[in-house]
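Colleague: Encoded as structure tokens, here's the structure I'll be asking about.
The values are calculated or read from the model by the stated rules, or taken from the named source; none is laboratory data. Quick caveat: nothing in here was measured; it's all calculated off a predicted structure. Glycine gets a Cβ as well: all are built from the backbone with ideal geometry, and neighbour counts include every protein chain shown. These area figures cover heavy atoms from the full protein model, side chains too; ligands, DNA and RNA do not enter into them. Shrake-Rupley method; radii C 1.70, N 1.55, O 1.52, S 1.80 Å.
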Amino acid sequence: MYLPKKDIYQILKSVNTNVSQTQPTAFNKLPYINFSITDNSVNLDLNNNINYQDIEVQIDIWAEDSVSSSNLLSKVEEKMRENLYILTYSSDVPNTGNIFHIVSRFQTKI
């Protein structure tokens, strides 16, 4: 079974230096990206071997303004697409204080 966390981390790290798998309790430096694997299910063949995996990754982008968060999403989308992930969802989250937040989801089959 393929476990994508390490590869996703490296992809996102190539776009932005502040990356983690969990959201920090306080943002010391923006922009910030955190991610989680929301689906890593397998499809089995008749011999009980993995035929393929459905993988979905949620990526949250945090920035000081709306334009910066959107620009970072564009860079993330390009890098994820280069690695065969398709953007399936993206939405602005109502901002809290002075931090702007975009949630996005990417999917692939391996």
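Colleague: Scanning for something of a type in the set (D, E, K, R) and modelled with pLDDT under 95, does the range 43-56 turn up at least one residue?
Modeller: At the first step, the residues of the range 43-56 found to be of a type in the set (D, E, K, R) are 45, 54, 56.
Adding the requirement that they be modelled with pLDDT under 95 leaves 45.
Checked against the condition, which is being of a type in the set (D, E, K, R) and modelled with pLDDT under 95, the range 43-56 yields at least one hit.
Colleague: Further, regarding this structure: Would you mind finding the one in Ile110, Ile61, Ile99 that is surrounded by fewer than 14 Cβ atoms within 10 Å (Cβ to Cβ), hydrophobic (A, V, I, L, M, F, W, C) and out of contact with any Gly (no Cβ under 9 Å at 6 or more places or on another chain)? Before the answer, list the steps.
Modeller: Details: Ile61 fails: surrounded by fewer than 14 Cβ atoms within 10 Å (Cβ to Cβ); Ile99 fails: surrounded by fewer than 14 Cβ atoms within 10 Å (Cβ to Cβ).
That would be Ile110, the only listed residue that is surrounded by fewer than 14 Cβ atoms within 10 Å (Cβ to Cβ), hydrophobic (A, V, I, L, M, F, W, C) and out of contact with any Gly (no Cβ under 9 Å at 6 or more places or on another chain).
Colleague: Condition first: in contact with a Leu (Cβ under 9 Å, 6 or more places away or on another chain) and among the β-branched types (Val, Ile, Thr). Now tell me which residues in the range 20-45 satisfy that.
Modeller: Ile33, Ile37
Colleague: For the condition touching a helix residue (DSSP H, G or I) at 6+ places or on another chain (Cβ under 6 Å), over 14 Å from Arg105 (Cα atoms) and either free of Cβ contacts under 8 Å to residues at least 24 places away in the same chain or open to solvent by 60 Å² or more (accessible area, probe 1.4 Å) (or both), what is the one hit in Val42, Val67, Val15, Val19?
Modeller: From the options Val42, Val67, Val15, Val19, the qualifying one is Val19.
Colleague: Would you mind telling me which numbered condition in (1) touching a residue at least 24 places away in the same chain (Cβ under 8 Å); (2) open to solvent by 70 Å² or more (accessible area, probe 1.4 Å) Pro94 fails?
Modeller: The one condition Pro94 does not meet is (1).
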